[in-house]
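Contents: one structure, followed by commentary.
The values are calculated or read from the model by the stated rules, or taken from the named source; none is laboratory data. Remember, predicted model here, so these are calculated numbers, not experimental data. Backbone-built Cβ (ideal geometry, glycine too); neighbour counts: all protein chains shown.
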Amino acid sequence: MAESTRQQKVARLIQRELATYFQQQTNSLFNGRMVTVTVVRISPDLSVARVYISVFPSAAGKEVLEIINQNAKNIRFHLGQIIRHQVRIIPELSFFIDDSLDYYERIDNLLKKK
């Protein structure tokens, strides 16, 4: 089902604010690892956001995801402080590793071997 315009706007807002937050926390929270918010999918009632992240180096993905999940409440609170005037409820955040870049790289390497 296609996302509504409101869902898309809220998803872009969350993506932008989380990307800024993760960029600020690179050294203190992630030990210098780069975290990028690739996609945010939000439920039709705007109460749940699925946040897909990409981590560089990708080998540290699971570790960074654990750190993010341990700090999910603080991240949601921080997000709420920023977007509280633009949305009625601050969505619950679920974080997932976006490994599509690794997948594309694997396919590219396989194609180069032939």
Handout entry: Options Ile107, Ile90; residue that is closer than 17 Å to Val40 by Cβ and either among the β-branched types (Val, Ile, Thr) or part of a strand (DSSP E or B) (or both)
Key = Ile90
Handout entry: Failed condition for Arg33, given (1) surrounded by 13 or more Cβ atoms within 10 Å (Cβ to Cβ); (2) at pLDDT 90 or above; (3) among the basic types (Lys, Arg)
Key = (2)
Completion exercise
Filter segment 1-30 for residues that are surrounded by 14 or more Cβ atoms within 10 Å (Cβ to Cβ) and not in a helix (DSSP H, G or I); the one that is modelled with the lowest pLDDT is Glu3
Practice task
Please identify the pairs in which a residue from segment 91-113 that is of a type outside the set (Phe, Trp, Tyr) has its Cβ atom under 6 Å from the Cβ atom of a residue that is in a helix (DSSP H, G or I) and surrounded by 11 or more Cβ atoms within 10 Å (Cβ to Cβ), counting only partners at least 6 apart or on another chain.
Solution key: Leu93/Ala72; Leu93/Arg76; Ile97/Gly61; Ile97/Leu65; Asp102/Ser58
Practice task
With the condition kept exactly as written, say whether any residue in segment 77-84 is more than 21 Å from Thr20 (Cβ to Cβ) and either crowded, with 17+ Cβ neighbours inside 10 Å or more than 13 Å from the chain's Cα centre (by Cα) (or both).
Solution key: no
Exercise for the section: Would you be able to tell me the number of residues in segment 86-106 that are within 19 Å of Gln8 (Cβ to Cβ), over 14 Å from the mean Cα position of the chain (by Cα) and surrounded by fewer than 16 Cβ atoms within 10 Å (Cβ to Cβ)? Expected result: 3
Exercise for the section: Select from segment 37-67 the residues that are surrounded by 13 or more Cβ atoms within 10 Å (Cβ to Cβ), in contact with a helix residue (DSSP H, G or I) (Cβ under 7 Å, 6 or more places away or on another chain) and either more than 23 Å from Gln8 (Cβ to Cβ) or of a type outside the set (A, V, I, L, M, F, W, C) (or both) and list them in ascending order. Expected result: Arg41, Ser54, Val55, Ser58
Exercise for the section: Starting from segment 15-43, keep only residues that are under 19 Å from Ile89 (Cα atoms), then list their pairs with residues that are surrounded by 14 or more Cβ atoms within 10 Å (Cβ to Cβ) and of a type in the set (Lys, Arg) whose Cβ atoms are within a distance under 9 Å, requiring at least 6 positions of separation or different chains. Expected result: Val40/Arg50; Arg41/Arg50; Ile42/Arg50; Ser43/Arg50
Fill in the blank from the handout: With the first residue restricted to segment 1-14 and required to be charged (D, E, K, R), and the second required to be part of a helix (DSSP H, G or I) and surrounded by 17 or more Cβ atoms within 10 Å (Cβ to Cβ), Cβ contacts under 8 Å at 6 or more apart or on different chains are Glu3/Ala11
